[in-house]
Amino acid sequence: MIWHSAGQFFAMGGYALYVWGSVAACVVAIAAELIALGQRRRAAMRMLRQQGAVRRIERAERGLAAERDLAVPLQREAA
């Protein structure tokens, strides 16, 4: 389609309700998924913290631990 004005673009050839409704539904779904993802991550970190296993993960996320710092404890756990 070719639009000659912003009004024609937003009208979407008479299908604006369906087009913009779909866009809004998609944005809401993505936002809800991001919120749920954050909640699941916090719950997982809380569980790991209770188990005492989160310190190494938090250090790695902050970038304070180098790869070699993580490799040694992981090798010990695997053995």
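V19 falls short on exactly one of the conditions (1) modelled with pLDDT under 90; (2) surrounded by 10 or more Cβ atoms within 10 Å (Cβ to Cβ); (3) touching a helix residue (DSSP H, G or I) at 6+ places or on another chain (Cβ under 8 Å), and that condition is (1). If you go through segment 45-69 and keep only what is of a type outside the set (A, V, I, L, M, F, W, C) and modelled with pLDDT of 70 or more, you end up with R46, R49, Q50, Q51, G52, R55, R56, E58, R59, E61, R62, G63. For R42, the criteria (1) at pLDDT 85 or above; (2) surrounded by 11 or more Cβ atoms within 10 Å (Cβ to Cβ) hold in every case but one, which is (2).
The values are calculated or read from the model by the stated rules, or taken from the named source; none is laboratory data. All of these numbers come straight from a predicted model, not from anything done at the bench. Glycine gets a Cβ as well: all are built from the backbone with ideal geometry, and neighbour counts include every protein chain shown.
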